[in-house]
1. What's the total number of residues in region 69-94 that are open to solvent by 40 Å² or more (accessible area, probe 1.4 Å) and either without any contact (Cβ under 8 Å) to a residue 40 or more places away in the chain or assigned to a helix (DSSP H, G or I) (or both)?
2. Could you tell me which residue of region 143-199 is farthest from Phe75 (Cα to Cα), considering only residues that are hydroxyl-bearing (Ser, Thr, Tyr) and part of a helix (DSSP H, G or I)?
3. Tally the residues that are among the aromatic types (Phe, Trp, Tyr) and in contact with a Ser or Thr (Cβ under 7 Å, 6 or more places away or on another chain), restricting the search to region 35-87.
4. Could you grab the pairs with beta carbons closer than 7 Å, sequence gap of 6+ or different chains, first residue in region 42-62 and among the hydrophobic types (A, V, I, L, M, F, W, C), second one in a loop (DSSP other than H, G, I, E, B) and open to solvent by 50 Å² or more (accessible area, probe 1.4 Å)?
5. For region 8-32, name all the residues that are open to solvent by less than 10 Å² (accessible area, probe 1.4 Å) and closer than 30 Å to Val43 by Cα.
6. For region 90-111, name all the residues that are among the aliphatic types (A, V, I, L, M) and at pLDDT 85 or above.
7. For residues that are part of a strand (DSSP E or B) and touching a Ser or Thr at 6+ places or on another chain (Cβ under 7 Å), tally how many sit in region 95-111.
8. Could you tell me whether region 161-174 includes any residue that is basic (Lys, Arg) and under 19 Å from Gly60 (Cβ atoms)?
Amino acid sequence: MLVNNAGNFYAGFFEEISPEGFRAQIETNLFGPLNVTRAVLPVMRTQRSGLLVAMSSTAGIVGQEFVSAYAASKFAMEGWIEWLTPEIAPFGIRTMLVEPGFFRTDLLEDISTIWPEPSIDDYAERTRQTVAGWKGMSGKQSGDPAKLAKALVQLAGQAEPPLRWAAGADAVVTVEHKAKTMLAQVDAYRELSSNLAYDDRAAEVA
């Protein structure tokens, strides 16, 4: 089993994150797991078994302000694992995307988070307020990492682990809200969306 759990957090509004910082976020949270997985897959293919656990985030499910770089890396991980799953399934290798909410880890501490300095007047006050708010959350998150680890071991031991697992009550609420919102948007434009194909019969009559 491989658990891709390494990561950090480049916080800030998109315009205040440098191109180098944005790229560094993608390098750590996406290309890091890509490189480790590329090294492990040949072993798993040889043994015709294995489980790839990818630690995503609710930030990979729904976007919010101040996390554009982090969310981009997690959305990318979600897509990568989704297309990787059918490629490696014939070799007996399974995947599981873990989508945690807020757990009491060091992600919001200075050791893991790169905080922005206000650099654009239009964002300055919101940046200061958001940094203070997020720092105030550190150490107060509702999720218990020990319980998360125990649950992961339980799921990994199943014959068929879930392809996606929303970890935490807040994660369940987030995923449910996103699913309902997407379905509502589909329904709102169902007729328009469903009438975009070529009208071959009209062409034949002409």
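The values are calculated or read from the model by the stated rules, or taken from the named source; none is laboratory data. Just so we're clear, the structure is a prediction, and the values are computed from it rather than from any experiment. We place every Cβ from the backbone using ideal geometry, glycine too, and count neighbours over all the protein chains shown. Accessible surface is based on the protein model in full, side chains and every heavy atom, while ligands, DNA and RNA are left aside. Shrake-Rupley method; radii C 1.70, N 1.55, O 1.52, S 1.80 Å.
1. The total comes to 8.
2. It comes out as Ser193.
3. Total meeting the criteria: 1.
4. Leu51/Met1; Val53/Met1; Met55/Asn5
5. The answer is Gln25, Asn29.
6. Hits for region 90-111 are Ile93, Met96, Leu97, Val98.
7. So the count comes out to 5.
8. Yes.
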